[in-house]
Amino acid sequence: MFDISSLEIQRYLIMAPGLLIALVLHEVAHGYVAYLLGDPTAKSLGRLTLNPLKHLDPLGTLAFFFVHFGWAKPVPVNPRYFKEPRKGMMLTGMAGPATNFALAALFAGWFHIMQNFGVDGHSPLYSVAFYGVFINLILGIFNLLPIPPLDGSNVVAYFLPPQVAFKYMSLSRYGFMILIGIILLGNFTNISLFGKIIMPFVSFLARILGMPI
């Protein structure tokens, strides 16, 4: 028999593959799209690699397990290389969440294949696929929040007048504190960022993918 701590460790180990794939490919997608648009920065720094050690932020990875949101080391992007900087930043920003949604669909496909072949629901492979879907959906939706420097802010900034967009994106330096403030406010007011904003979208997309929720 496992005690509680062992069960928790086992659950984290099962979640780890989906989380690693989600974070690494999210950042590689940013860098690769930027590279396609003319920015060699990520490539020159060795960030167009699947080596997780190049991308993972230890604190951001631990945060995902304890407070259910996390982050990797952001891929550096220099918009001065883009022919259309604002459009380039928008496309580069969208690449990360789009990759997470594609990965969620792939994990869901794997999940349904195992179901069709009668794989035991307690199998670790079954659980890895299940968590892979939900981790990627959570990260994709979380990163689309319009809070600088999250990816959604680059999409919003593209549609704003240039001067307004500049002021809006200048909030990036406070972005982490804003997120922490929103999470703490949710704890005091029972209006959870995840429970009220992110999880309804996760549930909606999970139903589209045919996942049990």
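The rows are residues; the columns are (1) more than 30 Å from K87 (Cβ to Cβ); (2) aromatic (F, W, Y).
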residue	(1), (2)
F101	no, yes
V133	yes, no
P146	no, no
G175	no, no
L185	yes, no
G195	yes, no
M199	yes, no
R207	yes, no
Is the range 143-160 home to any residue that is of a type in the set (D, E) and either more than 26 Å from R11 (Cα to Cα) or in contact (Cβ under 8 Å) with a residue 12 or more places away in the chain (or both)? yes
Residues in the range 80-100 that are in a helix (DSSP H, G or I) and among the charged types (D, E, K, R): how many? 3
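Read the figures in this text as sums done on the coordinates, not as results from a lab. Everything numeric here is computed off the predicted structure, so don't read it as measured data. Because the Cβ atoms are built from the backbone with ideal geometry, glycine has one as well, and the counts that use them run over all protein chains shown.
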